[in-house]
Amino acid sequence: MAFRDFFKFNKDKTTFIFVGGKGGVGKTSVSSATALWLAEQGKKTLIVSTDPAHSLSDSLEVPIGHYPREIKTNLYAVEIDPDEAMAQKQAVIESQKAGSSSDQAGGLDFLTDQLDLASASPGADEAAAFEVFLSVMTSNEYDVVVFDTAPTGHTLRLLTFPEVMDSWVGKIMLAKTKLGTLANSLKGILPFMDAVDNPQTTEDLKRTKEQIDEAKKVLSDPDRTTFKMVVIPEEMSIYESERALEVLEKNDMTVDSIIVNQVMPDICDCDFCHSRYKLQQKRLALIDQKFADQEVAQVPLFKDEVKGQEKLLNLAEILYDDKDNDEVVQKAIQL
């Protein structure tokens, strides 16, 4: 099967592609190249950076902000900013406070304080990324969404976020039922009990849970969501990716391919280069062993940085058009 054949598209439903791996392996280059190639094929494509250290704009060499913007025909891009996401929520709360009673305003002040804390807390990046995923999941505005993810640990938290949220929302919804009449005596002691007793809030929680359930279905649907793991021929990258694949499998995520980046050619008249080549060949054999059930593609080590649309499309050509064409590879390492 050609590497390009792993893409699956659904009429009137968005396809999601997550590109992940250890920090420094070239995730942004691969995800940018993938998004550019898909746009060239006529697919309306959104590329989303979930990495707080955004490098997507550097890779594509165009300014990208917190809101999706068109950067070329069929290609849109966004870099998620958790601070901006929290600022939007606070703006909504401030507008609600203007028309609220003093008691309601007090509660909204408390919520604003909690948002301030949340914006600086661990997991804020994943929460903001998950909200973007929910919005594009339900809108089906794009044919395909490519996620340029943060290093492995952040990404795994993002992809397991629905499970965490499902558990949290479910427990709040059940609190009133389990406590029964005792809940009335807890009002004013446990802050969330008033919210659970509020019919409107309860409905909001139900809608949230329905969204989370739908997100879990989409993430575990191999016809809509797949994960591409980027590795380099080094032990730390290989072993970290192996562990990540185990977590993804436990969460019913489909990994459809392994992309081995920065593969060196054999340069015999350079002792250092030849030694590195021989070491990489051992690591490539380890990759074949560890990921025997996966389709593996190799990307050569480019002579220069892979940035800008020309070089990114050349990378995409290696992956999706002429993966085994020596002429294309030679073109890449000479650019």
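The values are calculated or read from the model by the stated rules, or taken from the named source; none is laboratory data. In this text the structure is predicted, and so the values were computed from the model without any measurement. Glycine also receives a Cβ, built like all others from the backbone with ideal geometry; neighbour counts cover every protein chain displayed.
Annotations for the structure displayed:
- So Leu36, is it in a strand (DSSP E or B) and at pLDDT 95 or above: no
- Every pair of residues 6+ apart whose Cβ atoms lie under 6 Å, when the first sits in the stretch 43-58 and is farther than 13 Å from Phe147 by Cα and assigned by TED's automatic domain parsing to the domain that holds Val144 while the second is assigned to a loop (DSSP other than H, G, I, E, B) and aromatic (Phe, Trp, Tyr): Lys44/Tyr142
- So Val196, is it at pLDDT 95 or above, aliphatic (A, V, I, L, M) and crowded, with 18+ Cβ neighbours inside 10 Å: no
- Test: Val30 is more than 16 Å from Tyr320 (Cα to Cα), under 17 Å from the mean Cα position of the chain (by Cα), buried (at least 24 other Cβ atoms within 10 Å of the Cβ) and assigned by TED's automatic domain parsing to the domain that holds Pro300: no
- Subset tally (residues that are loosely packed, with under 14 Cβ neighbours inside 10 Å and within 34 Å of the chain's Cα centre (by Cα)) for the stretch 253-277: 1
- Flag if Gly20 is assigned to a loop (DSSP other than H, G, I, E, B) and modelled with pLDDT of 85 or more: no
- Across the stretch 240-290, the number of residues qualifying as outside any helix (DSSP H, G or I) and among the hydroxyl-bearing types (Ser, Thr, Tyr) comes to 2.
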